[in-house]
Each structure stands twice: as C-alpha cells, then as structure tokens.
Amino acid sequence: MTTEQIPVAPRASNIEYAIRDVVVPATKLEDQGHTILKLNIGDPIAYPGLPTPQHMVDAYAAALHDGHNGYSPSYGLPSLRAAIAKDEQRKGWPAQPEDVYVCHGVTEALQILFASVLCEGDKVLAPGPHYPPYMAYPQMYGASTVEYMLKPNDGWRLDLDDIREKMDDSVRLLVLINPNNPCGSVANADEIAGVLDIARNYPNCIVVADEIYDGLDFTGEHVSVAKCSADVPVVSLNGVSKVYYAPGWRIGYMAIHDPSKRMLLVRDGIERMLRSRLCASTPAQLGYLAGLESDRSWMEGYAAKVVEQRDVCVNRIRSIDGLEVQSSGGAFYMFVKLTDEKWALDDKQFVLDLLHEEHVLVVHGSGFSPELGRGHFRIVYLPEVDVLNEAFDRIERFLIRHR
C-alpha cells in the first residue's frame, strides 16, 4: 500500500490566517494545564461583560421554537433586507431592499464578491496592514492583492499618494476597512473623498467599504462611503458580529450602491453565486432583525466600557519601554509598535516567545501584512481591566528580561 501523500491544491495550502494560527501553540499550552491571557481574537463574546443583547437572543430562540428552521430566500429574508436598507438609509444613501444581500458573515460576502468580479491577472488594492482574507482569497481566483500604505506615525491615516501610484486598470476592487482592523484607525470624509476621486478614473473599479465596525467609532468622524459617492460604485459590508455582539451567528451582508448602474452584470453574478449556496441561517437572520428594529440605547453602555478599556491600554503601553502605540479611534484593536531592535525585526518570534514564557497571546503584525505590519503586534482590548493590566505586567517583564 502506498503512503505517498495526495497533493493539496495550492489555493488552500498557501492560505495563512494569523489571528487563528497563533491559537495552535496556545492550545497546546492549555492542554498542558497553563492559563493563557488571550488578547488575540476580535470576538466580543470571548470576554466577560459584553454579551449578545437579550432581546436578540430571545428573538433567535423564538425563531427556533416557532419552526423558522427552513431555508430562507437566497438573498436573505425580505424583512431583514428591508431593515438593513432602512439602516443604510440612516447612514445617508438611498439603499433599497433589493440592494442588500445577506451572507454567512462578511467573510462569505467577500468570497462571493471576489468570485463574481476577479479574473486571472486582476488586482485587489487593500490597506496594509489589513484583515487577512483580503490577502488570502483573491489568489483563489487568479488575482493578487496589492497593499497601499497607511501612515503609522499619523494615526494610520490613508496614504492617498500611495493609492494613486498603485492604481491601474487591472485594479478591480479598491478596499477601505473603516474603522480599520488591525489598526483601529477611522478614515474621515476628506480621506474617503480622496479615494473616490482616484477610483473615478478607473471605470472597472469598485470600492469595497468594509464597515463592520462602524458603530464602534470613537472619533465622531466616521461616514458611510456609499453616502460620499455620487457616481463611483460602492459595495458596503456589514453585519451582526461586532456592533451587535453576535459573531457566532455568522450573519453579514453586502449592500450595493451603484448610482451609475454599471454593476448590473456583477450583480447578476453575485445573485447566481448566492443561489448556488442556498442561504444564510434563517433563525439567526431573525435574531439580527430584532437588533435592527429594537431600541439601541444599550449600545452606549457597551461603547463606554470599550473606550474605558482602550484608555487603560494606551496608558499602560505608553509607560512601557520598548513599545509605542497610536491610540485607537474605532473598533476594539490596537496595533502596537515594537521599538526594541531584536523584536522589531521579528514580531512573530516576539509573539511566540511571549506566549511560551509569559502565557500572553497576541497576534504578530506581519500576519496582517508581511512588510507593512512588520515590527508590530495587535491586541484586542476587550478583556476586563484587571486582565489587561496583568497582561501588560507580563509583557513589560518579558521585554526587560530580553533586553
């Protein structure tokens, strides 16, 4: 009997997802009995004090008990599509229910969008650093991802000159992640206008606005990209995971703003893809609907807690020799710079050594961009304050020991 390995497709073997890849060695340590302080994953339910709102849970449970367990329409429940469109209208653009497509989270929305747009030799222009699927998925369709720079010493603002320099006719998707994961930066209306001005010169380019953290803007400067566009096609991505604190429900959406009606063929492709994979979870859609249609005053308390924990992190990081940070303007992430030369040149080794020696889990910056994220690490500031303080005590001890 042969023991020769059956070959794997390169599209799978080449994928890296740093956020979860670092969990593998952490799990081994947990199996050995160690307790790990986890500042690695952007799952608000993994931390105490930020539960999914009860009225949404009740709606999900009621949907199950009432027998809403069959397939939904492939593009989403009509009631949810209408509620999402109404929510997008509040953000300043004339979204209609037929513009909204409900998916298994933003991740599936990205896969469907990439599959519907990208061909061999096409490019996606995405910020560096960025959420890893923007690098991983395009190569499945023969495309590639080109990173444009964010300004690390200016609050991670968009480098419009770099975007302009890297744009060409092969760029089919120009990505804005706003607020940004992993940097926590928020692009303002002027920056967005600059991006749209650039995209306007490339008629086959669509702007992708990943706004999954838009309800976690602490600057007051966030604005919908679709609202800002009078002619450039925009696909807005959002969902229940972050702002509504229900990531495990896996409900997201894409909303198409196409004021010049140039996305008809792409929309047809998206709809064909959606029909082929049946639908998103029906009871989870009804849980999200309850969140959209109910009072949202609860969000204020949640946001206040997140901001308090952010401020603790900023103060602690700035007091530790060997670390620098730009304060986060949105989401619940910080991208911390390693200033000790030893670690600035190998952030992944810093993360692995910190994990094994001090049992603190963060994510290496190069996992979000091999070049533009190098010399940094990302933290999630959702754990309780005492956990954050203990984690920073251990990080400081680790840096001193290796200096």
Inset, instruction - Filter the cross-link list LYS305/LYS342; LYS123/LYS342; LYS227/LYS261; LYS151/LYS261; LYS305/LYS337; LYS28/LYS123 down to pairs whose alpha-carbon distance in this structure exceeds 28 Å. - result: LYS305/LYS342; LYS123/LYS342; LYS151/LYS261; LYS28/LYS123
Inset, instruction - Work out the length of the dipole vector of the chain about its Cα centre, built from +1 on the beta-carbon of each Lys and Arg and -1 on the beta-carbon of each Asp and Glu, and round it to the nearest 20 debye. - result: 560 debye
Legend entry - Volume of the Cα convex hull of the chain, divided per residue and given in Å³: 170 Å³
Inset, instruction - Take the Cβ-Cβ distance between HIS356 and ASP190 as r, set R0 to 45 Å, and report the resulting FRET efficiency rounded to the nearest 0.05. - result: 0.50
Legend entry - Cα centroid of the range 114-147 to Cα centroid of the range 37-96, whole Å: 27 Å
Inset, instruction - Could you list which residues have their amide H under 5 Å from that of LYS123, counting only those 5 or more apart in sequence or on another chain, with H placed in the peptide plane? - result: SER144, VAL171, ARG172, LEU173
Inset, instruction - Count the DSSP beta bridges whose two residues both fall in the chain, then state the antiparallel fraction as a percent rounded to the nearest 5. - result: 55 percent
Legend entry - MRE, 222 nm, helices only [DSSP H, n ≥ 4, -39500 (n - 2.57), over the chain, to nearest 500]: -11500 deg cm²/dmol
Legend entry - Percent of beta bridges antiparallel (DSSP, the range 187-256, rounded to nearest 5): 55 percent
Legend entry - Percent breakdown of C-alpha pair distances by 10 Å bin, ordered from the shortest bin, for the range 1-145: 8, 21, 29, 29, 10, 2, 0
Inset, instruction - Would you mind classifying the range 167-293 by shape? Square roots of the alpha carbon gyration tensor eigenvalues, ordered a ≥ b ≥ c; an a/c under 1.5 is rounded, otherwise it is prolate if a/b is larger than b/c and oblate if not. - result: oblate
Inset, instruction - Work out which helices of the chain, taken as complete DSSP H runs, extend at least 20 Å along their axis over the Cα atoms and score a mean Kyte-Doolittle of 0.0 or more, then list them. - result: 385-401
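With a cut-off of at most 16 other beta carbons within 10 Å, and DSSP calling the residue loop, which GluC sites (Glu not before Pro) in the range 311-403 qualify? Please list them.
On the way: sites: GLU324, GLU341, GLU357, GLU358, GLU371, GLU384, GLU390, GLU396; in loops: GLU371, GLU384.
Within the range 311-403, the qualifying GluC sites (Glu not before Pro) (loop, at most 16 other Cβ atoms within 10 Å) are GLU371, GLU384.
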Inset, instruction - Under a 10 Å cutoff between Cα atoms, tell me which one of ASN153, ASN201, ASN40 has the largest fluctuation in the Gaussian network model of the chain. - result: ASN153
Legend entry - In range of the label at GLU308: residues from the range 23-66 whose backbone nitrogen is under 19 Å from the point 7 Å along Cα→Cβ: 44-53
Legend entry - Listed residues THR107, THR145, THR27, most fluctuating in the chain (Gaussian network, C-alpha, under 10 Å): THR27
Legend entry - Rounded to 5, the percent of DSSP beta bridges in the range 54-293 classed as antiparallel: 40 percent
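Every number in this text was worked out from the coordinates using simple rules, so none of it is lab data. A quick note: this is a predicted structure, and the numbers were derived from the prediction, not measured. With ideal geometry, Cβ positions are generated from the backbone for all residues, glycine too; neighbour counts draw on all protein chains shown.
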